[in-house]
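Asker: Supplied in structure tokens, the structure appears directly below.
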Amino acid sequence: MRHRRVADLMTPNAVTVQRGTLFREIARLLDEYDITAVPVVDDDGRPVGVVSEADLLRRQLSKAGAATAEAIMTSPAVVARPGWSVVEAARTMEQRKVKRLPVVDDSGRLIGVISRSDLVQLFLRRDRAIQEEILEEVLTRTLGVAPSAVTVAVTDGTVTLIGALERRSLVPIAVRLCESVDGVIEVIDRLTFERDDLSLDDASRDDAVQDRGAPDGIARSGQPAPEPG
């Protein structure tokens, strides 16, 4: 089963500007490279903010030509990590209302940029392909679920799971695995289960384990069993 990461889709060697880069130079770079935003980095290559087309437009009626990236940028920069899943990146963009994320390494230095357009192709996967991957890879191969046990419906990236799994503990696992499939936007869980393996409390579980595993001559309390009459 594939788990696409930000590192797989990001654009390396991203166009950047410094704090002191002027408005007109930023506008020229956005036009030349056909991008909608550019990271602002410090002398060590760490993102300190982002200048977008919207930021430029907000300054258009002021002394735009003399404005610097530091004066225009949105700060701090919302960043992503290369090991993030594409779902994490997409959710961050949605929550923070941004169209691209600078990608930084463990030291905080810029190593690339991932944009909404980079994610589009993944989230436009045909519903049939998503359905087949969930049925074959997630349910059958990974979880060992019979294909007839669960119905998988996919509409515009939204997955609906209907059916019964053998154990209750498998339900959240199945949902998480489906969420990790490329192109999945949301998973609607309508699963039931045949056996509730999570209903026993800790004490009951301990008793059950001791009942099954106590050696001869040892009572469940851990004390020696009384001598016979």
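Asker: Name every residue in segment 39-55 that is touching a Leu at 6+ places or on another chain (Cβ under 6 Å) and among the aliphatic types (A, V, I, L, M), in order of residue number.
Answerer: V41
Asker: In addition: Name the residue, out of V103, V79, that is open to solvent by 40 Å² or more (accessible area, probe 1.4 Å), in contact (Cβ under 8 Å) with a residue 12 or more places away in the chain, under 30 Å from R59 (Cα atoms) and in contact with a Pro (Cβ under 6 Å, 6 or more places away or on another chain).
Answerer: After applying the criteria, what remains is V79.
Asker: Something else: How many of the residues in segment 150-190 are in a strand (DSSP E or B) and among the acidic types (D, E)? Working first, answer last.
Answerer: Going through segment 150-190, the residues in a strand (DSSP E or B) turn out to be 150-155, 158-167, 186-190.
From the residues that got through so far, the ones that are among the acidic types (D, E) too are 166, 186, 189.
The number of residues fulfilling the criteria is 3.
Asker: Within segment 152-166, track down each residue that is closer than 13 Å to I130 by Cα and open to solvent by 30 Å² or more (accessible area, probe 1.4 Å).
Answerer: A153, T155, D156, T158, listed by residue number.
Asker: Given the condition farther than 16 Å from L177 by Cβ and at pLDDT 95 or above, answer yes or no: does some residue in segment 144-151 qualify?
Answerer: Checked against the condition, which is being farther than 16 Å from L177 by Cβ and at pLDDT 95 or above, segment 144-151 yields at least one hit.
Asker: Next question. Could you check segment 132-151 and list, in sequence order, the residues that are loosely packed, with under 15 Cβ neighbours inside 10 Å, farther than 16 Å from L191 by Cα and either of a type in the set (S, T, Y) or in contact with a Leu (Cβ under 9 Å, 6 or more places away or on another chain) (or both)?
Answerer: The one that is loosely packed, with under 15 Cβ neighbours inside 10 Å, farther than 16 Å from L191 by Cα and either of a type in the set (S, T, Y) or in contact with a Leu (Cβ under 9 Å, 6 or more places away or on another chain) (or both): T142.
Asker: Does segment 172-185 contain any residue that is closer than 30 Å to S75 by Cα, in contact (Cβ under 8 Å) with a residue 24 or more places away in the chain and open to solvent by 20 Å² or more (accessible area, probe 1.4 Å)?
Answerer: Looking through segment 172-185, at least one residue is closer than 30 Å to S75 by Cα, in contact (Cβ under 8 Å) with a residue 24 or more places away in the chain and open to solvent by 20 Å² or more (accessible area, probe 1.4 Å).
The values are calculated or read from the model by the stated rules, or taken from the named source; none is laboratory data. As the structure is a prediction and not an experimental result, all values here were calculated from the model. Note that each Cβ is placed from the backbone with ideal geometry, even for glycine, and that neighbours are counted across all protein chains shown. Only protein heavy atoms, including side chains, enter the accessible area calculation; ligands, DNA and RNA are left aside. Shrake-Rupley method; radii C 1.70, N 1.55, O 1.52, S 1.80 Å.
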